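Working notes for the structure below.
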Amino acid sequence: MAFELEKTYYQKHAEGIELNQLSSIRAKTVTELLTWFLKHKQQQYGLSQATKTSIRNSVQTHLLPCLASQSVKELNRAHINQLLITPLLGKLSPSTVHKIFQHLKQACQLAFSAGVINHPVLEGVQFANFTTSKIKAKLSRLSTNQLEQVLADIHAAPHTIQQIMLTMLLFGTRLGETCKMRWHDVKIRNKKWYIPAEHTKTKQAHQLPITDIAEEVFESYRLHYKYRKQQKLWCFASSSHAKDHIDINLAGKQVSYHAKQGYSSHDLRKLMRTNLTELGIDHFIGEQLINHKLSALNSAYIFTHAEQQKYQALLKWHQHLLPLGLEAILKDRRKLVRYLADKNNA
C-alpha cells in the first residue's frame, strides 16, 4: 500500500490517509507503523483518555516529524539517536524524551507481535544507551506552608472548579477520578465514596471514607445544583454534552488558570500526600488513600488494618484544613445554600 505522507503528516492531515485503512497492513515505513499504532491505541478498550492523549501527542508532535521519512528497516540505534533523541534532548526534559522513546518502543513491539512488521525493531535498545541524564521524579510546585494560599485560590474559583480542586485536596484523588465522580457513587449514609475500577489509573476499585467535613463539602455542592434544578448523573457534568462528565483536559486547564500560585491539579494531590506525612499518618495508609498500587504484602496489610485508620487519617487532615481557609469556604456555601433554598421556596 502506498502512502503519500511527509514529515508534516499531521499538519497536513487533509492530505493524509484514513486510519481505518491500516487495519491489516504490512508496514514498511515508520509513518505506516506509527499510524497503525496510533489507531490501535485510540481504539483500545479500557485505555484511559489521558494515556490516549499522551500517545497521540508523542506520535503527532514528535515521532512523526522526526522519523516519518525513515523506513522500518532504518530504525536502528544510530538513526534514533541522530534524528530523535539528540534533537529532543536539546529542547525537552529527559523524562519527557524518555516517555516519547517508550511510546516508539511500544509501537515496534506491538507491531511485531501483531505481524505488522517482520522483525523486532529496537529490541534491546534502552533509553540509557543515549544519555546518562537521570530521570527525576517531577517535584511538586507546592509546599506545606502554602496551604492557606491554595485554599484562598480554591475559595475564589468558580463553583464547579472550586469543588474539583477542593475534592482533590481533601482526598488526594487524581483529576480523572475526580471528574468522573457520579452522585450515586457518593454514599453519604454509608460514609463512603466508591470509585469504580474503570475510573481509576490502577484499574482497581477504590473507596474513600467520607468525614463529616467532606459530607458538608459534597452536600453543599449538591444542594447548589439541586436548587438551580441542574443536578445530573455526573457531579461535574459537561456543559456541552449533557450525558457526559466534564472534559478532563479542560478541567485541568481551568484548575491551572485559577491556581494563582502557579501549580497544576496534580500538585493538589501531591500536596495532600505530603501533608499526610507531616501529620504523622502511617505510610501505607497514605499510599492507600491516594490509591497508589501496593505490593501484595502491603495490600494484605492494608486490607486487614486500614478502614478505620483511613477514616482517622482523613479526619485529621480535614480538621487541619478548617482554620487555614476551609471553614471560610464552608461558611460562604452555607449562606449560598440558604439563599437558594429561600429563593426556591418563595
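Restricted to region 72-98, and to residues there that are in contact with a helix residue (DSSP H, G or I) (Cβ under 7 Å, 6 or more places away or on another chain) and either small (Gly, Ala, Ser) or under 20 Å from Gly124 (Cβ atoms) (or both), the residue that is surrounded by the fewest Cβ atoms within 10 Å (Cβ to Cβ) is Arg77.
Being part of a helix (DSSP H, G or I), at negative phi, surrounded by 15 or more Cβ atoms within 10 Å (Cβ to Cβ) and among the basic types (Lys, Arg) is the requirement here; does Lys105 meet it?
Working: part of a helix (DSSP H, G or I): yes; at negative phi: yes; surrounded by 15 or more Cβ atoms within 10 Å (Cβ to Cβ): yes; among the basic types (Lys, Arg): yes.
Criteria met by Lys105.
When each of Ser113, Ser95, Ser69 is tested for being at pLDDT below 90, more than 18 Å from Gln44 (Cβ to Cβ), assigned by TED's automatic domain parsing to the domain that holds Leu34 and assigned to a helix (DSSP H, G or I), the lone residue that passes is Ser95.
Only one entry in Gln261, Gln207 is touching a helix residue (DSSP H, G or I) at 6+ places or on another chain (Cβ under 7 Å) and surrounded by fewer than 19 Cβ atoms within 10 Å (Cβ to Cβ), namely Gln261. Taking (1) assigned to a helix (DSSP H, G or I); (2) touching a Leu at 6+ places or on another chain (Cβ under 7 Å); (3) over 16 Å from Ile290 (Cβ atoms) in turn, Thr131 satisfies each apart from (1).
Say we look at region 263-289 and pick out the residues that are outside any helix (DSSP H, G or I), out of contact with any Phe, Trp or Tyr (no Cβ under 8 Å at 6 or more places or on another chain) and not hydroxyl-bearing (Ser, Thr, Tyr); which of these is modelled with the lowest pLDDT?
Among those residues, the one meeting the criterion is Asp282.
In region 210-229, of all residues being touching a helix residue (DSSP H, G or I) at 6+ places or on another chain (Cβ under 7 Å) and among the hydroxyl-bearing types (Ser, Thr, Tyr), the one that is nearest to Arg189 (Cα to Cα) corresponds to Thr211.
When Thr53 is tested against (1) touching a helix residue (DSSP H, G or I) at 6+ places or on another chain (Cβ under 6 Å); (2) touching a residue at least 60 places away in the same chain (Cβ under 8 Å), just one condition goes unmet, and that condition is (1). Among the residues of region 239-262, the ones that are assigned to a strand (DSSP E or B) and in contact with a Gly (Cβ under 7 Å, 6 or more places away or on another chain) come to 0 in all. Every test in (1) at pLDDT 90 or above; (2) loosely packed, with under 13 Cβ neighbours inside 10 Å; (3) closer than 29 Å to Asn344 by Cα is passed by Ile164 save one, and that test is (2). Is there a residue being farther than 30 Å from Leu47 by Cα, crowded, with 17+ Cβ neighbours inside 10 Å and over 15 Å from the mean Cα position of the chain (by Cα) anywhere in region 183-197? No, region 183-197 has no match at all.
Among the candidates Thr35, Thr31, Thr86, the residue that is part of a helix (DSSP H, G or I), at pLDDT 90 or above and in contact with an Asp or Glu (Cβ under 9 Å, 6 or more places away or on another chain) is uniquely Thr31. In the set Leu336, Leu340, Leu294, only one residue is modelled with pLDDT under 95, surrounded by 12 or more Cβ atoms within 10 Å (Cβ to Cβ), among the hydrophobic types (A, V, I, L, M, F, W, C) and not in a helix (DSSP H, G or I); that residue is Leu294.
The values are calculated or read from the model by the stated rules, or taken from the named source; none is laboratory data. What you are looking at is a predicted structure, and each value in this text was computed from that prediction instead of being measured. All Cβ positions, even for glycine, are placed from backbone atoms using ideal geometry, and neighbour counts span all protein chains on display.
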